[in-house]
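The values are calculated or read from the model by the stated rules, or taken from the named source; none is laboratory data. Predicted model, so just to flag it, every value in this text is computed and none were measured. Here the Cβ positions follow ideal geometry from the backbone for every residue, glycine too, while neighbour counts run over all protein chains shown. Just so you know, the surface numbers come from the protein's heavy atoms only, side chains and all, with ligands and any DNA or RNA stripped out. Shrake-Rupley method; radii C 1.70, N 1.55, O 1.52, S 1.80 Å.
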Amino acid sequence: ICTKEKMYLFGDISGGVMVLNDTGTILHDEFVIASKRFGYKNDVIQIMPNHVHFIWTYVGAIHESPLQKRSRLSQAVGFLKANVSKKRGLRLWQRNYYERIIRDEREYWAIRRYIADNPKNWAKDTEYVGK
């Protein structure tokens with residue numbers, strides 16, 4: 001999920017480590033709230049200066065259709081974005097976001113590694129716009 005106009009709002013990268021500011025801390029706290037409310041397990045969350053990567057594992061009913069699960073994800077992301085914006089008193093987010101269903105263990109570990117390494121690779125990141 002990216003910020004509006006790729007504004008740096010959540011902190012800075014220092015020595016390959018993300019250092020959250022107040023808004024970044026609010027975002028992290030809202031991830032915990034949203035995941036519990038909508039039935040997700042926070043597998044990994046990597047907040048970056050102008051975007052966030054995360055893997056949520058759905059722990060709800062197995063019998064839900066893919067459409068129901070996608071709707072739930074959309075509601076959870078909307079809830080997250082709205083609460084952070086409300087607490088900061090600003091419109092913080094771009095309109096859409098990129099989602100991906102992880103299909104197998106190999107893909108899972110590759111994505112998880114990419115997310116974990118994102119702060120170290122910040123200067124090469126497609127969301128890096130310089131300051």
- Item | Portion, in percent, of the accessible area of the chain that falls on carbon or sulfur, probe 1.4 Å | 52 percent
- Between residue 90 and residue 114, with labels modelled 7 Å along Cα→Cβ, what's the label distance in nm to one decimal, could you check? 2.8 nm
- Message: List the chymotrypsin sites (Phe, Trp or Tyr not before Pro) within segment 70-131 that DSSP assigns to loop and that have no more than 10 neighbouring Cβ atoms inside 10 Å.
- Response: 98
- Paramagnetic label zone (point 7 Å from Cα along Cα-to-C-beta, residue 64; backbone N under 14 Å) in segment 7-47: 34-42
- Run through all the Cα pairs of segment 1-129 and give the fraction in each 10 Å bin from 0, expressed as whole percent. 12, 43, 36, 9, 0
- Task: Kindly report the accessible area of segment 51-107 per residue (heavy atoms of protein chains, probe 1.4 Å, no ligands, DNA or RNA), in Å².
- Result: 75 Å²
- Message: Once each part is reduced to its C-alpha centroid, what is the distance from segment 22-40 to segment 68-111 in angstrom?
- Response: 11 Å
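So, counting K/R as plus one and D/E as minus one, what does the shell of residues with Cβ under 12 Å around residue 5 add up to?
Local charge sum for residue 5: +3.
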